[in-house]
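K.L.:
Please find one structure pasted underneath; my questions will follow.
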Amino acid sequence: MAETNFDVQGFARDINQLLVLTTLREEAKHGYQIAVDIETESNGLFCFRHGTLYPILHRLEQGGFIRGSWSKGEGRRKKVYALTPAGRRHLNGETGRVQEIVSRLMELLPSLAEAST
Amino acid sequence: MSERVERAFLSTLQAVERQLPSPVSKRIDLLRELEADLEALSSGLESQGVPLEEARQRAVEALVPDPGVLRELARLHRPAYVRFTQGLERERLRILERSALGLTTAATVLAGAVGLSQADLLRDPSPFLVPVLALGAVLVGLVLMKGFQLWVKADHRQPDVGVRAILLLSGTILMTAFLGLFLDLFQLTRRLEAAPQLSSELVTRWIVQDAGLLSVALTLALLGGLSWFVLNHWQTLIWSRHRELLELPRAPANKPTP
């Protein structure tokens, strides 16, 4: 792995961003739908509360990974987010990185468990 | 969507707005997004059989940012200028801003003066051109300052301060020029009385002097008026969107509600 110092807080933020990007793979969605879908697809493991979704969405938008646009459906205008090509590339790259981190963690956990017994 | 739902979240939006120190345009966008999501989520919950009040409460809990998240949002939406200068001490930044403003104004005035000195009409200027140019320099400085404050720094705390002064200065420039024109004319008549044989030369000189004076004054007043119009129109537009979104009462004398 390239990193020598693993940033736990940064990793948690990256996971949140990946969750948002993942749920936008198939279609564009508005804010609360993204939150609901993530919660449903993860069986309630990942849920956004107290508006924590918005900084993630806006950071991704500023980074060019998603594009927000206002759409009018069923009367009221909603801000809908769609994955950009850069976002798709980022998602593919980051998925591999997360898999590597998790697999290394999984390798580490049994040895730690053995050491403690 | 119904007015009923929109009004249900109005006080929530107003409370969020008070805690969000972002530029007004960003605030409006964020509050609109939040309102649409609140409404959609509570409607969705209602359609699943959740009672109305509970649906609204759950939507607020899920979507309304807490103070920490609002601070993060405000940090995310800082103008590029604020991000760039965040490492500087406030006092030092103030001095730098004023120096930059002074230099830009001086450079603009200098460029204008060079242009004027090359124009034939200003070869023999009216003495009233000096106050007109001095007022013009103040006008240029004020327009640059206001534009910098509103659009570069995105500081919307006192948006209307100085905007009317731009219009006032433009009017003062015009009045000074017309006053100069009449006083020059008065002087001309006295000289003509004293030396009628020089009438052709004196009249020609007066025409050249005051045509230059009026040209400069009209140009400055026009630029000032145009700047005032753009600034005023932008403010009216953005603050009316803000008032409309939060259903705020229209402030007296068209003054925005901060």
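K.L.:
Condition first: within 20 Å of A:L53 (Cα to Cα), away from chain A (no Cβ under 11 Å) and outside any helix (DSSP H, G or I). Now tell me which residues in the range B:21-31 satisfy that.
P.N.:
The one that is within 20 Å of A:L53 (Cα to Cα), away from chain A (no Cβ under 11 Å) and outside any helix (DSSP H, G or I): B:P21.
K.L.:
Can you name the number of the only condition in (1) under 16 Å from the mean Cα position of the chain (by Cα); (2) buried (at least 17 other Cβ atoms within 10 Å of the Cβ); (3) not hydrophobic (A, V, I, L, M, F, W, C) that A:K79 fails?
P.N.:
Going through (1) under 16 Å from the mean Cα position of the chain (by Cα); (2) buried (at least 17 other Cβ atoms within 10 Å of the Cβ); (3) not hydrophobic (A, V, I, L, M, F, W, C) one by one, A:K79 breaks only (1).
K.L.:
Starting from residues that are more than 7 Å from chain B (Cβ to nearest Cβ) and closer than 26 Å to B:P67 by Cα, keep the ones in the range A:71-93 and report whichever is modelled with the lowest pLDDT.
P.N.:
Restricting to residues being more than 7 Å from chain B (Cβ to nearest Cβ) and closer than 26 Å to B:P67 by Cα, the top hit is A:V80.
K.L.:
On the given criteria, is A:L21 outside any strand (DSSP E or B), within 12 Å of the chain's Cα centre (by Cα), within 13 Å of chain B (Cβ to nearest Cβ) and not acidic (D, E)?
P.N.:
No.
K.L.:
What number of residues in the range A:18-48 are among the small types (G, A, S) and either buried (at least 20 other Cβ atoms within 10 Å of the Cβ) or more than 21 Å from B:Q48 (Cβ to Cβ) (or both)?
P.N.:
3
K.L.:
Let me ask something else about it. Is it the case that some residue within the range B:179-190 is among the basic types (K, R), under 30 Å from B:E17 (Cα atoms) and exposed (fewer than 13 other Cβ atoms within 10 Å of the Cβ)?
P.N.:
First, pick out the residues of the range B:179-190 that are among the basic types (K, R): B:190.
So of that shortlist, the ones also under 30 Å from B:E17 (Cα atoms) come out as none.
Checked the range B:179-190: no residue is among the basic types (K, R), under 30 Å from B:E17 (Cα atoms) and exposed (fewer than 13 other Cβ atoms within 10 Å of the Cβ).
K.L.:
Output the residues belonging to the range A:28-51 that are of a type in the set (S, T, N, Q) and either in a helix (DSSP H, G or I) or within 13 Å of chain B (Cβ to nearest Cβ) (or both).
P.N.:
Taking the range A:28-51 and keeping what is of a type in the set (S, T, N, Q), we get A:33, A:40, A:42-43.
Scanning the range A:28-51 gives A:Q33, A:T40.
K.L.:
Take the conditions closer than 30 Å to B:R32 by Cβ, touching a residue at least 60 places away in the same chain (Cβ under 8 Å) and assigned to a helix (DSSP H, G or I) and apply them to A:H58. Does it pass?
P.N.:
In short, no.
K.L.:
Taking B:H156, is it buried (at least 16 other Cβ atoms within 10 Å of the Cβ), under 29 Å from B:L101 (Cβ atoms) and not β-branched (V, I, T)? If you could, list the steps in order and put the result at the bottom.
P.N.:
Working: buried (at least 16 other Cβ atoms within 10 Å of the Cβ): yes; under 29 Å from B:L101 (Cβ atoms): yes; not β-branched (V, I, T): yes.
Against the criterion (buried (at least 16 other Cβ atoms within 10 Å of the Cβ), under 29 Å from B:L101 (Cβ atoms) and not β-branched (V, I, T)), B:H156 qualifies.
The values are calculated or read from the model by the stated rules, or taken from the named source; none is laboratory data. Since we're looking at a predicted model, the values are computed, not measured. Counting neighbours? That spans all protein chains shown, and the Cβs are built from the backbone with ideal geometry, glycine included.
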